[in-house]
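Colleague: I have a structure here, written as C-alpha cells, and I will follow up with some questions on it.
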Amino acid sequence: PLKIYDVNYNTMNEIAKESWTPQLHLTDEERDIVEAEGTVLVLGRSGTGKTIIVTQRIEFDRQSRPGQDPSFTQLFVARSARLCRYVEGAVNEDNRASFCTYERLLSDVESSLPGRDKSFNPSQKMDFRRFKQEFHNLSSNSEKFSALISWTVIRTFIKGSVEAFQSPDGILPKGEFVEVERLGKNRCRVPSELRDHLYNEFLRYQVYLADKKLWDDCDRVRHLVLRIKESKEVDPDAFGQVQRSKVYVDEVQDYTQLELLLFFYLGGPNGLFLAGDPAQSVVEGTEFRFEEVRSVGHFVGSVIQKPKTVNVNFRSHSGILNCAGGVLDFMFTHFPS
C-alpha cells in the first residue's frame with residue numbers, strides 16, 4: 001500500500017544516518033484511531049491501512065509510557081506468521097514486545113501456567129476437514145445442511161459463544177439456540193426449521209468426540225481461559241507471567257467470541273486494539289460481527305465504543321472500488337440482514 005512520510009527541514013540532517021526512520025504520515029481519521037483511549041475496534045476493507053494503523057498504535061502506546069518501564073508489555077497476535085513478521089519489522093525494536101501467531105500464543109500460555117491437567121494432542125484435533133470427512137459425510141443429516149453450516153453453528157454459537165462459556169458445561173443450552181429470539185435472527189441467520197436438527201447433530205458430534213478421544217478448538221480455548229481465570233484469582237504471580245499491558249490483534253474477524261475472551265483475559269478490559277474486516281474471514285466456522293466483540297467486552301466489564309472505520313483505500317484503483325461499492329450497496333439494500 002501507498003505510504004506517505006512526514007519530513008521537514010529540521011530532519012534533513014538525519015536522513016543520511018543509516019538508523020534514520022521517518023515518521024509515517026497519518027490522516028486525521030487514522031490519527032483519531034491511533035490515539036483513541038481504551039479498547040478500540042477498527043473496521044476497514046482490504047487496502048485501507050488497518051495493519052499500518054496497528055503498528056502506529058504500538059509505537060503510540062510505547063511513547064505514552066515514560067521511560068523504559070519494564071512492567072509495560074505488548075503482544076501482537078495474528079494467525080499468519082508472515083503478518084507477525086511484517087508488523088515486527090515495521091516497528092522499532094523493543095524487548096518488552098512479542099509478536100506471535102495465535103497457535104503459538106496458545107502453546108506459550110498453556111506451558112506458562114501451573115497445573116496443566118489436560119493434554120491436547122495435535123493428532124487428536126478435530127478441524128473442519130476432519131469434521132467433514134469423518135463425521136458429517138457419514139451422517140444421516142448430510143443432505144439437510146452443509147458441513148460448513150453445521151461446523152459454524154458449533155464453533156460460533158453452541159460452543160464458541162460467550163453465552164456458552166457462561167454455561168457450567170461450556171455448551172449453549174438447546175432452548176437458547178433453537179428459539180430464534182434468544183440469539184437474535186441477525187446474529188444467527190440459520191433458518192428456524194433447521195435449528196433443532198442442527199442441535200441434535202451437535203449432540204451426536206459431542207458423543208463422537210468422546211468416543212474417539214478427540215478435541216476441537218473450543219475445548220482447548222475454554223480449558224485455557226478457565227486456567228487463566230483461576231490463576232488470576234489464586235496465583236497472581238503465575239497470571240503475571242502471561243498477562244500483557246496491551247494486546248493487538250489483526251484480522252480479528254477470524255476469531256470466535258470464546259477466542260476473543262482469551263484476549264480480554266490477557267490484556268484486560270481496556271487493553272485491546274482489534275482490527276479487521278468481516279468481509280474477509282478465512283477461517284471456516286467463524287460467523288463474525290463487531291457487535292459480538294462488544295458483547296464479550298460487556299461480559300468482562302469493558303465499555304467499548306462502536307468500531308472506528310478507515311475509508312481511504314491505498315491499494316486499489318478508484319474505479320474498482322466504486323464498482324465494488326456499488327455491488328455492496330445493492331446487496332445491503334435488497335438483503336439488509
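The values are calculated or read from the model by the stated rules, or taken from the named source; none is laboratory data. Model, not experiment: these values are computed from the prediction. Note that we place each Cβ from the backbone using ideal geometry, even for glycine, and neighbour counts take in every protein chain shown. Accessible surface areas use protein heavy atoms only, side chains included; no ligands, DNA or RNA. Shrake-Rupley method; radii C 1.70, N 1.55, O 1.52, S 1.80 Å.
Colleague: Please go through region 94-109 and give me each residue that is more than 17 Å from S80 (Cα to Cα) and at pLDDT 95 or above, ordered by number.
Modeller: Hits for region 94-109 are A97, V109.
Colleague: Would you mention how many residues in region 245-256 are under 8 Å from the mean Cα position of the chain (by Cα) and either more than 15 Å from C100 (Cα to Cα) or surrounded by fewer than 18 Cβ atoms within 10 Å (Cβ to Cβ) (or both)?
Modeller: 4
Colleague: Determine if region 199-208 includes at least one residue that is surrounded by fewer than 21 Cβ atoms within 10 Å (Cβ to Cβ) and polar (S, T, N, Q).
Modeller: The answer is yes, given that some residue of region 199-208 is surrounded by fewer than 21 Cβ atoms within 10 Å (Cβ to Cβ) and polar (S, T, N, Q).
Colleague: Follow-up. Looking only at region 34-63, how many residues end up being part of a loop (DSSP other than H, G, I, E, B) and either in contact with a Pro (Cβ under 9 Å, 6 or more places away or on another chain) or modelled with pLDDT of 90 or more (or both)?
Modeller: The total comes to 8.
Colleague: So, one more: Are there any pairs, at least 6 apart or on different chains, whose C-beta atoms fall under 7 Å, with the first in region 187-198 and within 22 Å of R294 (Cβ to Cβ) and in a loop (DSSP other than H, G, I, E, B) and the second open to solvent by 30 Å² or more (accessible area, probe 1.4 Å) and small (G, A, S), and if so, which?
Modeller: Short answer, once both residue conditions are applied: R189/S337.
Colleague: Looking at F288, F263, which one is open to solvent by 20 Å² or more (accessible area, probe 1.4 Å) and either within 22 Å of L83 (Cα to Cα) or not acidic (D, E) (or both)?
Modeller: F288
Colleague: Would you mind finding the one in R187, R182 that is open to solvent by 20 Å² or more (accessible area, probe 1.4 Å) and within 20 Å of the chain's Cα centre (by Cα)?
Modeller: Of the residues listed, the single one that is open to solvent by 20 Å² or more (accessible area, probe 1.4 Å) and within 20 Å of the chain's Cα centre (by Cα) is R187.
Colleague: When you look at F72, is it open to solvent by 40 Å² or more (accessible area, probe 1.4 Å) and either of a type in the set (F, W, Y) or within 18 Å of L260 (Cβ to Cβ) (or both), yes or no?
Modeller: no
Colleague: Residues to consider are V207, V282, V247; find the one that is among the β-branched types (V, I, T) and modelled with pLDDT under 95.
Modeller: Just one listed residue meets the conditions, V282.
Colleague: So N92 clears everything in (1) in contact (Cβ under 8 Å) with a residue 60 or more places away in the chain; (2) surrounded by 13 or more Cβ atoms within 10 Å (Cβ to Cβ); (3) farther than 18 Å from D211 by Cβ; (4) not hydroxyl-bearing (S, T, Y) except one condition, right? Which one?
Modeller: So N92 meets the others, but not (2).
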